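Chemist: Would you mind keeping the following structure in view while I ask a few things?
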Amino acid sequence: MNTKPSQRNVIYYNSLTDDIVKSKQQDFTLPSDYQIIKRTPLNYLMRFLATGFAYLFTYGGMHVKVIGRDKLFKYKHQGYFVYANHTQMVNDVFMPLTLFGWKDYYAIANQANWGIPIIGKILLPYGGLPVGKNIKQAIHLLKAVNTLIKENAHIIIYPEAHVWPYYTDIRPFPATSFNFPVQTTKPSFVMTTTYQKRKFSKRPRITVYIDGPFFPDTSLPKKLQQKKLHDQIFTQLKNRSKLSNCEYYRYQQRKIGGQK
């Protein structure tokens, strides 16, 4: 990295799986009978309005540059998955609407996000797929994903699970994250958010790269398909993340015992 943040911009963590950003309703749980897929006129209205905001926020406010979106065109009318690093609290929610089709985009997310005001109450009910907290909910999610992929939906997954604002590396995530593309034999794309130094601002420029597609190797057993796909996509994320050349926050691991 060419630029390091001041000491006040240091974020301390215990492990790479820490939840850095927590909401007041971190333990929020949806009811077991929660309807994941909503097909109402309000669904399309909310998506349309959210997409308008997404264009203004992502490109007008955040000035995000996207490279490689042309790789998606061939698969516009096919179901696919997108794996992305999770480094923006708001932009990671809205930007995909501008890339993957406002009618077709869905995101798999932790249930805690449904407890967040506005995003959790207004947007996620119409495009969010909640990670199950028990077997029944996990089955509901799997059924919903299978249904949506057959309808040519574009489903984004943040396998790191927790958002780490402006983090410039890739955190480890399990191969089980790739159960969905293996089960459905659908392609996967990679979306990597990177950060570059600006001349006249401390806040970095955001450049997003789209790569793929990556396909499950159906000649292998399913567990090995998951691992191979995991390794391919993790490597792609790592390679693209090296294009970041500045740190807005510096992440530092606490010493044993929780001391800084």
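Chemist: Listed here are the pairs Lys74/Lys121; Lys103/Lys150; Lys197/Lys238; Lys186/Lys223; Lys121/Lys197; which of them are more than 23 Å apart at the Cα?
Modeler: The pairs that break the limit, which is 23 Å between Cα atoms, are Lys74/Lys121; Lys121/Lys197.
Chemist: At R0 = 41 Å, how high is the FRET efficiency between Met89 and Lys223 if r is their beta carbon distance? Nearest 0.05 is fine.
Modeler: The formula returns an efficiency of 0.75 here.
Chemist: Based on the Cβ-Cβ distance from Lys74 to Arg254, what FRET efficiency comes out when R0 is 35 Å, to the nearest 0.05?
Modeler: 0.15
Chemist: Also, I was wondering about something else. Relative to 2.2 N^0.38 Å, what does the C-alpha radius of gyration of region 179-234 come to as a ratio? Two decimals please. List each step's numbers first, then the result.
Modeler: Numbers: Rg = 16.2 Å, N = 56, 2.2 N^0.38 = 10.2 Å.
Relative to the 2.2 N^0.38 Å estimate, region 179-234 comes out at 1.60.
Chemist: Under the rule of -39500 (n - 2.57) per DSSP H run of 4 or more residues, summed and divided by the residues of the chain, what mean residue ellipticity at 222 nm is obtained, to the nearest 500 deg cm²/dmol?
Modeler: Result for the chain, helices only: -8000 deg cm²/dmol.
Chemist: Within region 196-233, report the chymotrypsin sites (Phe, Trp or Tyr not before Pro) that DSSP leaves as loop and that have at most 12 other Cβ atoms within 10 Å. Spell out each step's value before the answer.
Modeler: Details: sites: Phe200, Tyr209, Phe214; in loops: Phe200.
Listed in order of number, the matching sites are Phe200.
Chemist: At a temperature of 37 °C and a viscosity of 0.692 mPa s, determine how fast region 42-157 diffuses translationally according to Stokes-Einstein, using the Kirkwood radius over alpha-carbon pairs as Rh; express D in µm²/s, rounded to the nearest whole number.
Modeler: On the way: Rh = 14.7 Å.
It diffuses with D of about 223 µm²/s by this estimate.
Chemist: Right, next: Once ligands and nucleic acids are excluded and a 1.4 Å probe is used, how much of Ile135 is accessible, expressed in Å² to the nearest 10?
Modeler: 130
Chemist: Where in region 148-212 are there trypsin sites (Lys or Arg not before Pro) that are in a DSSP coil and have at most 12 other Cβ atoms within 10 angstrom of their Cβ?
Modeler: Details: sites: Lys150, Lys197, Arg198, Lys199, Lys202, Arg205; in loops: Lys197, Arg198, Lys199, Lys202.
Taking region 148-212 and a limit of 12 other Cβ atoms within 10 Å, the loop trypsin sites (Lys or Arg not before Pro) found are Lys199, Lys202.
Chemist: Same structure, new question: Is region 146-197 rounded, prolate or oblate when judged by the Cα gyration tensor, a ≥ b ≥ c being the square roots of its eigenvalues, rounded requiring a/c under 1.5 and prolate requiring a/b larger than b/c?
Modeler: Verdict is prolate for region 146-197.
Chemist: Please calculate the 1.4 Å probe accessible area of His63, with all protein chains present, and give it to the nearest 10 Å².
Modeler: 100
Chemist: Which value, in Å to one decimal place, does the Kirkwood hydrodynamic radius take for region 25-99 when every pair of different Cα atoms is included?
Modeler: Hydrodynamic radius (Kirkwood, Cα only) of region 25-99 equals 15.0 Å.
Chemist: Next question, about the same structure. Taking each pair of different alpha-carbon atoms in the chain once, compute 1/r for the pair, average those values, and report the inverse of that mean as the Kirkwood hydrodynamic radius in Å to one decimal.
Modeler: 19.2
Chemist: Next question, about the same structure. Report the Stokes-Einstein translational diffusion coefficient (µm² s⁻¹, integer) for region 127-215, Rh taken as the Kirkwood radius over Cα pairs, at 37 °C with viscosity 0.692 mPa s.
Modeler: Translational D for this selection: 213 µm²/s.
Chemist: Measuring with a 1.4 Å probe in the full set of protein chains, what accessible area per residue, in whole Å², belongs to the chain?
Modeler: Here the per-residue accessible area is 52 Å².
Chemist: Carbon and sulfur atoms: what percent of the 1.4 Å accessible area of region 68-182 do they account for?
Modeler: Answer for region 68-182: carbon and sulfur cover 62 percent of the accessible area.
Chemist: Compute, for Asp27, the solvent-accessible surface of its heavy atoms (probe 1.4 Å) with the complete set of protein chains present, and express it in square angstrom to the nearest 10.
Modeler: Result for Asp27: roughly 130 Å² accessible.
The values are calculated or read from the model by the stated rules, or taken from the named source; none is laboratory data. Fair warning: this is a prediction, and the values are worked out from it, not measured in the lab. Virtual Cβ from ideal backbone geometry, glycine too; neighbours counted across all protein chains shown. The accessibility values were calculated without ligands, DNA or RNA, using every heavy atom of the protein model including side chains. Shrake-Rupley method; radii C 1.70, N 1.55, O 1.52, S 1.80 Å.
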